[in-house]
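Engineer: A single structure is presented below for examination.
No lab work stands behind these numbers, since they all come straight from the coordinates. Remember, predicted model here, so these are calculated numbers, not experimental data. Virtual Cβ from ideal backbone geometry, glycine too; neighbours counted across all protein chains shown.
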Amino acid sequence: MSEDGVSMRSEVERLLVVDDEGPILHALQRTFEAAGYEVTACLDPAEALDRLKEKAFQVLSADYMMPGMTGAEFLARARALQPETIRILITAAHDFSAAVDAINNGEIFRILAKPWNRVELLGTVRQAFDTYALREKNRQLTALVQKQNGELAELNKGLEKLVQERTTNLLDGMVAVLDYRDTETQWHSRRVSRFTRRIAEEMGVCDERDLRTIEMGSLLHDIGKIGVRDAVLLKPGPLDQEEWVEMREHPRLGWALLQRIEFLREASEIVLQHQERYDGSGYPAGLKGEAIVVGARLFAVADTYDAITSDRPYRRAQPHAAAVTEIRRVSGTQLDPRVVEAFCAVPESDWVRIRGEVEQISLLEAQWGWTPPRRVFDLIHDAASQHKAARADGPLPLDLAAIKA
């Protein structure tokens, strides 16, 4: 094996010579054997075709004028048997039609005239063998590249899977931080992310990257609440004016937390705008209508549905029909009417199925005794505190490597 990874074979250089005149054929054979080639000589082109079926030759040499089959016809048939072989035509017919016939039918490497010049003859044959070797090396390199490309594609698939797994683990850890603090809405983020994806699919979003962005943004919509004090986040009664100001900062804080994470940058727009309302009465920017990113408009419907159909300390969960009625009532004010229509077109059984899948996950995690790593909470909480202290609108440094570790 050579340094470039291609095997350099010390292969015997084989030459097949065809000429219907015995003395000329003998002279050619002696000339080529003296130059170190392994020569097979044939008087009959039909016999030469049989030799081609038995073993491979790098170079073929044929006379043009032969009975029963011209040299051009022979080389054309030889090409079908061994297409990589280099073909030379030797002819005493100095007419243009013979050359055209040979080139068109046999893909001839060179045409030599009889009587030949020995130096020119051997030089042409040497070039033919060198050309064959270069083409063979190129074929080997191409095969090697294709093989390596295939291996690289498989490696990329494995890396993509690994990145996806680590991304999922990171997101689960971040969401678990919220569940760790606020058990009242436990599993809400996971349900609403799947609800939002289902509405997106109903609206015709089919690109997996777009769906994933919408799902991640919905999953992490409340991540900014990590920076809200427990006294405010967990307060059992109504919030006062100052506490509401703090609470309403959580979309901006969540957006800032996610800005330094490249694969969450698009999803962070949903986090920033998840409290906006279709009629412009939401916060933090008071955006209206389609100025709100579509992911946030989808989330708003899913969030409303989950809030109505889930148990809360102050009321029992309402049935699906009651949720549909309420969602239709606020269509055009709180919610995007087109998204509402898409939501209403989804069968109730889909919502039941999604809720059941999330509940199954919660049961399994409870069975395994899984708890969110404390270091994840500490890292994100510290970053949130730094952001609040700086009171900056720019991106917040977040030690993503430490979180992934």
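Engineer: Is there a quick way to get the dipole size of segment 190-245? I mean about its Cα centre, with the Cβ of Lys and Arg at +1 and of Asp and Glu at -1; what is the value in debye to the nearest 20?
Structural biologist: Dipole of segment 190-245, to the nearest 20 debye: 260 debye.
Engineer: Based on the Cα atoms of segment 239-333, what semi-axes does the equivalent ellipsoid have, where each is the square root of 5 times one gyration tensor eigenvalue, given in whole Å with the largest first?
Structural biologist: In descending order the semi-axes read 25, 17, 14 Å.
Engineer: Give me the tail of P(r) for segment 191-259 as a percent: Cα-Cα pairs with distance above 19 Å.
Structural biologist: Of the Cα pairs, 47 percent sit more than 19 Å apart.
Engineer: How much net charge surrounds P45 when only other residues with a Cβ under 14 Å from its Cβ are counted (Lys, Arg +1; Asp, Glu -1)?
Structural biologist: Spelling it out: positives minus negatives among the neighbours equals -3.
Engineer: List the pairs from K161/K288; K225/K288; K55/K137 whose alpha-carbon separation is above 30 Å, in the order I gave them.
Structural biologist: Those over the limit are K161/K288.
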